[in-house]
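S.K.: Quick one: this structure, given as structure tokens, is what I'll be asking you about.
The values are calculated or read from the model by the stated rules, or taken from the named source; none is laboratory data. Quick caveat: nothing in here was measured; it's all calculated off a predicted structure. Cβ: placed from backbone, ideal geometry, glycine included. Neighbour counts: every protein chain shown.
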Amino acid sequence: MMRFPLAQSLGAAVVAALVTLSVPAHAEADAKTVRMFKAKCATCHGVDGKGDTDQGKKLGAKDLTSADVQKLTDADLKKAVNEGKKAEGKTEGMDAFKDKLDSEQIDTLIAYVRTLKK
Ligand code: HEC
């Protein structure tokens, strides 16, 4: 019975430590994601996802923030990034990323694309 409060306060200390650790870890992941998007995706899609870049316009990249794209499922978006996609009527488009990024990185980028929603 005497151990119970001790276990409880240890539990609280562990929770507090996890919260403290996870906050900067999360912020770091976000900065990493933004860097990854800028490095791998922004040439065409733009940092803001709107596709308002020379490459984006040339290839017909859609506005990732638009309802048109945001209504698609995560699986649809992931498939496009994994396998690559061309805009209608274009011979060149987005390369397949499945050999360049791992599945988790692509999931993170899709989650990031969701945050760009208008
Ligand atoms: C070489 C230019 C280019 C690069 C680099 C690029 N994309 Fe694309 N992306 C396109 C084009 C073109 C399409 C097809 C037209 C469209 O749907 O926007 C497309 C389509 C998409 C789609 C599907 C949208 C839809 O309408 O189905 C997603 C999601 C996407 N890109 C995300 C990304 C992510 C994430 C990256 C970085 C890993 C990336 N793209 C890199 C040009 C590019």
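S.K.: Quick check on the stretch 12-46: of everything there that is among the polar types (S, T, N, Q) and modelled with pLDDT of 85 or more, which residue is farthest from residue 113 (Cα to Cα)?
M.R.: In the first step, residues of the stretch 12-46 are kept if they are among the polar types (S, T, N, Q); the result is 20, 22, 33, 43.
Within this subset, residues satisfying the condition of being modelled with pLDDT of 85 or more are 33, 43.
Values: 33: 10, 43: 15 Å.
Taking the candidates together, the pick is 43.
S.K.: Being in contact with a helix residue (DSSP H, G or I) (Cβ under 8 Å, 6 or more places away or on another chain) and more than 6 Å from the ligand (Cβ to nearest atom) is the filter here, so list the residues in the stretch 51-63 that pass it.
M.R.: Here is the first cut: in the stretch 51-63, the residues in contact with a helix residue (DSSP H, G or I) (Cβ under 8 Å, 6 or more places away or on another chain) are 51, 53, 55-56, 59, 61-63.
Within the stretch 51-63, 51, 53, 56, 63 meet the criteria.
S.K.: Is it true that some residue in the stretch 61-76 is surrounded by 13 or more Cβ atoms within 10 Å (Cβ to Cβ), more than 16 Å from the chain's Cα centre (by Cα), closer than 18 Å to residue 47 by Cα and of a type in the set (D, E, K, R)?
M.R.: The answer is yes; a qualifying residue exists.
S.K.: Tell me, please, whether a residue that is polar (S, T, N, Q), in contact (Cβ under 8 Å) with a residue 24 or more places away in the chain, surrounded by 13 or more Cβ atoms within 10 Å (Cβ to Cβ) and closer than 16 Å to residue 116 by Cβ can be found in the stretch 47-57.
M.R.: Going through the stretch 47-57, the residues polar (S, T, N, Q) turn out to be 53, 55.
Right, trim to in contact (Cβ under 8 Å) with a residue 24 or more places away in the chain and you get none.
The answer is no, given that none of the residues of the stretch 47-57 is polar (S, T, N, Q), in contact (Cβ under 8 Å) with a residue 24 or more places away in the chain, surrounded by 13 or more Cβ atoms within 10 Å (Cβ to Cβ) and closer than 16 Å to residue 116 by Cβ.
S.K.: Do you know which of the residues in the stretch 77-118 that are in contact with a Gly (Cβ under 7 Å, 6 or more places away or on another chain) and part of a loop (DSSP other than H, G, I, E, B) is surrounded by the most Cβ atoms within 10 Å (Cβ to Cβ)?
M.R.: Of all residues in the stretch 77-118, those in contact with a Gly (Cβ under 7 Å, 6 or more places away or on another chain) come to 84-87, 90, 93-96, 113, 116.
Subsequent filtering for residues that are part of a loop (DSSP other than H, G, I, E, B) retains 84, 86-87, 90, 93, 95-96, 116.
Details: 84: 13, 86: 12, 87: 15, 90: 12, 93: 15, 95: 14, 96: 12, 116: 19.
Across the stretch 77-118, the extreme among qualifying residues is 116.
S.K.: For residue 68, indicate whether it is modelled with pLDDT of 95 or more, closer than 15 Å to residue 116 by Cα and more than 11 Å from the ligand (Cβ to nearest atom).
M.R.: On the way: modelled with pLDDT of 95 or more: yes; closer than 15 Å to residue 116 by Cα: yes; more than 11 Å from the ligand (Cβ to nearest atom): no.
Answer is no for this residue.
S.K.: Report, by residue number, each residue of the stretch 30-50 that is within 7 Å of the ligand (Cβ to nearest atom) and either in a loop (DSSP other than H, G, I, E, B) or aliphatic (A, V, I, L, M) (or both). Show your work before the answer.
M.R.: To start, the set of residues in the stretch 30-50 that are within 7 Å of the ligand (Cβ to nearest atom) comprises 37, 40-41, 43-45.
41 - this is the single residue of the stretch 30-50 that is within 7 Å of the ligand (Cβ to nearest atom) and either in a loop (DSSP other than H, G, I, E, B) or aliphatic (A, V, I, L, M) (or both).
S.K.: Please go through the stretch 53-72 and give me each residue that is under 21 Å from residue 34 (Cα atoms) and outside any helix (DSSP H, G or I), ordered by number.
M.R.: Quick first cut of the stretch 53-72, residues under 21 Å from residue 34 (Cα atoms) only: 53-56, 61-66, 69-70.
53, 61, 62, 63, 64, 65, 66 - these are the residues of the stretch 53-72 that are under 21 Å from residue 34 (Cα atoms) and outside any helix (DSSP H, G or I).
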